[in-house]
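Visitor: One structure, as structure tokens, below. Some questions next.
Just so it is clear, none of the values below were taken in a lab; they were calculated from the coordinates. Bear in mind that the values here come from a model prediction, so they are computed numbers and not experimental data. Here Cβ is always computed from backbone atoms with ideal geometry, including for glycine, and neighbour counts include all displayed protein chains.
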Amino acid sequence: MPRRAVVASALVLAALGLVYLPVVVSLVRQWGGDENYSQGFLVAPFAVLTLWKSRGALQALPVQPHRAGLAVVLSGVLLFVLGQFGAELFLTRVSLLVVVAGCVLYLWGAAHLRHVAFGLLLLLLVIPLPALVLNRVSFPLQLLASRTAEVVLTSAGVPVLREGNVLVLPNGALEVAQACSGIRSLSSLIALALIIGGGGKRMLLAALAVPIAVIANAARVAGTGLAAAWISPLAAEGVFHTFTGWLMFVVALVALMGCARAIDAFKRRSRSAQGFATLLTAGPLKRAARRWGAS
């Protein structure tokens, strides 16, 4: 790497550290206080490790600075300013990733940016959404989980009355709160899908993670409702509630890994079928060519 690029990179890193240190500190503090994004303590180090392990491949790529990176940096700075004036943490945090992407493009080129895009995408997943967006996403998930629980409870012969996201049982009421919306397991599963999905199956696995997380959370809420009706309303709280959450997440993760294996098996069968078809067609074509040459 040219000496000028090394010096420029060091200056950029120093400037980013000086400007964004309070932003990163507040982000880490929110991971510790917001259970919806506590996976940031695992995903962020993995993203950094991914970038560190790819340093050899990055050094082998040709350095081709692109002026468009400067425009990306300026747009990131604009997001930072808007976030500061509007007291919007989401914009200031996203601006860090935008500025980093712009610096990579401006100093090294598009090939380097494509190489670090996966790590930046993982970091994007652990930035908490604005409260307005989070509520718009979580409330439909709460309603879906409560409706599913209502169907399961009714099918099991348990009298239930649903009022929005509240299930009224004969021995008490069960509220499907925002913490039970499944948004936490959804974001975690998407991140894990991107991590375990190699090659071209990352996006497909991430898409499959959405219905898997929704179904698993609905099953969890339905099971909690059955426990509250058959055992005691206390079964919907405390240790049992936490245990069922972890259990259903493990089930969802196993289902996700099963999908990954199924995709690999389908790809292998497709390649085998293509190879077999090639063999079937190659033989007659070769014989026809020999006959044509002999004539």
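Visitor: For ARG268 and LEU58, what is the calculated FRET efficiency with R₀ set at 30 Å and r taken between the beta-carbons, to the nearest 0.05?
Guide: After rounding to 0.05, the efficiency reads 0.45.
Visitor: If each residue's Cβ is checked for other Cβ atoms within 10 Å, how do ARG184, ARG220, ARG136 rank with the fewest at the top?
Guide: Values: ARG184 22, ARG220 25, ARG136 11.
The order, fewest Cβ neighbours first, is ARG136, ARG184, ARG220.
Visitor: So what are the three principal axis dimensions of region 1-105 from its Cα atoms, in whole Å, longest to shortest?
Guide: The Cα atoms of region 1-105 stretch 43, 31, 20 Å along their principal axes.
Visitor: Arranged by the count of other C-beta atoms within 10 angstrom, fewest first, what order do LYS201, LYS53 take? Walk me through the intermediate numbers first.
Guide: Details: LYS201 18, LYS53 10.
Final ranking by Cβ density, sparse to dense: LYS53, LYS201.
Visitor: Here's another thing I want to ask about it. Tell me which DSSP H helices of the chain clear both cut-offs, 30 Å or more of axial length from alpha-carbon atoms and a mean Kyte-Doolittle hydropathy of at least -0.5. Working shown, then result.
Guide: Details: long enough: 3-33 (43 Å, 1.35); 131-155 (35 Å, 0.92); 202-230 (41 Å, 1.45); 238-294 (85 Å, 0.43).
Correct list, ordered by number: 3-33, 131-155, 202-230, 238-294.
Visitor: Something else: Fewest to most neighbouring Cβ within 10 Å: what's the order for MET257, MET203, MET248?
Guide: If I rank by nearby Cβ atoms, fewest first, I get MET203, MET257, MET248.
Visitor: What is the magnitude of the charge dipole of the chain about its Cα centre, with +1 placed on the Cβ of each Lys and Arg, -1 on the Cβ of each Asp and Glu, and no other charges, expressed in debye to the nearest 20?
Guide: That gives the chain a dipole magnitude of about 2100 debye.
Visitor: When Rg is the radius of gyration of the Cα atoms in the chain and Rh is its Kirkwood radius, what does Rg/Rh come to?
Guide: Ratio of gyration radius to Kirkwood radius: 1.13.
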